[in-house]
1. In this structure, does Pro74 turn out to be open to solvent by 40 Å² or more (accessible area, probe 1.4 Å) and closer than 19 Å to Arg282 by Cα?
2. Could you check segment 110-140 and list, in sequence order, the residues that are in a helix (DSSP H, G or I) and within 20 Å of Pro371 (Cα to Cα)?
3. For the list (1) in a helix (DSSP H, G or I); (2) within 16 Å of Phe375 (Cα to Cα), I need the number of the one condition that Glu151 fails.
4. Tell me, which residue of segment 362-371 that is part of a helix (DSSP H, G or I) and in contact with a Phe, Trp or Tyr (Cβ under 9 Å, 6 or more places away or on another chain) is surrounded by the most Cβ atoms within 10 Å (Cβ to Cβ)?
5. Can you find a residue in segment 29-45 that is over 20 Å from Phe358 (Cβ atoms) and either buried (at least 16 other Cβ atoms within 10 Å of the Cβ) or hydrophobic (A, V, I, L, M, F, W, C) (or both)?
6. If you check Tyr287, Tyr302, which single one turns out to be of a type outside the set (D, E, K, R) and open to solvent by 30 Å² or more (accessible area, probe 1.4 Å)?
7. Which residue, of Ser110, Ser105, is buried (at least 22 other Cβ atoms within 10 Å of the Cβ), touching a residue at least 40 places away in the same chain (Cβ under 8 Å) and not charged (D, E, K, R)?
8. Going residue by residue through segment 14-23, is there one that turns out to be closer than 23 Å to Lys319 by Cα, in contact (Cβ under 8 Å) with a residue 40 or more places away in the chain and open to solvent by less than 70 Å² (accessible area, probe 1.4 Å)?
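The values are calculated or read from the model by the stated rules, or taken from the named source; none is laboratory data. Please read these numbers as outputs of a predicted model, since none were measured by experiment. Cβ coordinates were reconstructed from backbone atoms using ideal geometry, including for glycine residues, and neighbour counts include every protein chain displayed. Side chains included, ligands, DNA and RNA excluded: accessible areas come from the protein's heavy atoms. Shrake-Rupley method; radii C 1.70, N 1.55, O 1.52, S 1.80 Å.
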Amino acid sequence: MYNANENYLKLPGSYLFSTIAKKVAAYTEANPNEQVIRLGIGDVTQPLTKPVIDALHAAVDEMGTAANFHGYAPDLGYSFLREKIAAQDFAARGCKIDADEIFVSDGAKSDSANIQELFDENTKIAVCDPVYPVYVDSNVMAGRTGSYDPETGYWSNVIYMPCTAENGFVAELPKEVPGLIYLCFPNNPTGAAITKPELQKWVDYANENECVIIYDAAYEAYISEEDVPHSIYECDGARTCAIEIRSFSKNAGFTGLRLGYTVVPKDLKKGAASLHDMWARRHGTKYNGAPYIVQKAGEACYSEEGQASIRGLVAHYMKNAAAIRDGLRDMGYTVYGGTNSPYIWLKTPNNMTSWDFFDYLLENAHVVGTPGSGFGPNGEGYFRLTAFGTYENSLAALERIRNL
């Protein structure tokens, strides 16, 4: 006899992007002659760059010889990649992060879902609202969130930190003290960024109240403003309260290769428990490492040519973002984001719900976006478009919306 984990049964409906995929599939089946432009899920469209392709080919050739074959990867990831990350992502910005505090993985989504395993079932979480749904859903699966209220869209044991136009989509410090705080900057879905003095307040709050911040920096490559930090470790005291998660998906186009990493400083402890050692134990037990050829592709991103190619990819997507943002504003939409982020966050017109606007755009303009309510109750009345399409499709989507 077995018992199912009934926490899964508490989850309302299917995962947000699975729901969108089903809706779009049903529409395209019923309308096979309509060309749908997809600006919903944050999947990249540009091909892998030459430095990455060259590294992949070279690594595949290595794997074909007995002398250079590689099997299981080291638990933390290969040192050739971790040392590049430590030097260029952190030391170059004045952050003290050692290579053995970096854990290479198959992506930020996996790590942001799995990191909650380090905390007991009574740890209360705080999330921004709206927020990337994986943060809440993974804690629901762990039985940490209490009961769900379908009328409000809130879980009873979660502290929600409203992110609204009035506060610039940057949450205020919670009055009720949580144990675990999820922050994502530049933000998904709103595109908002946080300044270093504002982020320092969160670090100080976490240290004063013995909280841990899970800092999702998957979009740091898109930061364009000088006062916006690329890492939480640019703030004093972050080593004792923060875990940072990063991805190669959105800067180097690795959505199909799968590569990311999480930083857990050795200074992050609760009594005798070292979160660094716990994550290392979890990594070694449940994960056999990102493939050698993928980690070699990641290493290529840190060469001079690799860095230049990443800047080119980011510039392409930010050109799309600027075109979508400015085009929608010209049409009279209220629009946010698109400056430090590849996401456009817009107010739905005529008080339409976000799902009504989704259906309206799909049926009349054949354009797919993401309903804001899928990111939380404060996302209702908003809609997310991504800049990860081609430039031609971004302009075509704008023209279709303009024709409405």
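1. Details: open to solvent by 40 Å² or more (accessible area, probe 1.4 Å): yes; closer than 19 Å to Arg282 by Cα: yes.
Taking the combined requirement at face value, the residue satisfies it.
2. Of everything in segment 110-140, those that are in a helix (DSSP H, G or I) and within 20 Å of Pro371 (Cα to Cα) turn out to be Pro133, Val134, Tyr135, Val136, Asp137.
3. (1)
4. From segment 362-371, those part of a helix (DSSP H, G or I) are 362-364; that's our starting set.
Checking the rest, the ones that are also in contact with a Phe, Trp or Tyr (Cβ under 9 Å, 6 or more places away or on another chain) come to 362-363.
Values: Leu362: 21, Glu363: 11.
Among residues in segment 362-371 that are part of a helix (DSSP H, G or I) and in contact with a Phe, Trp or Tyr (Cβ under 9 Å, 6 or more places away or on another chain), the one surrounded by the most Cβ atoms within 10 Å (Cβ to Cβ) is Leu362.
5. Step one: filter segment 29-45 for residues over 20 Å from Phe358 (Cβ atoms), giving 32-33, 44-45.
Filter once more, keeping what is either buried (at least 16 other Cβ atoms within 10 Å of the Cβ) or hydrophobic (A, V, I, L, M, F, W, C) (or both): 44-45.
Yes: one or more hits.
6. Residue meeting the stated conditions: Tyr287.
7. Answer to the check: Ser105.
8. no
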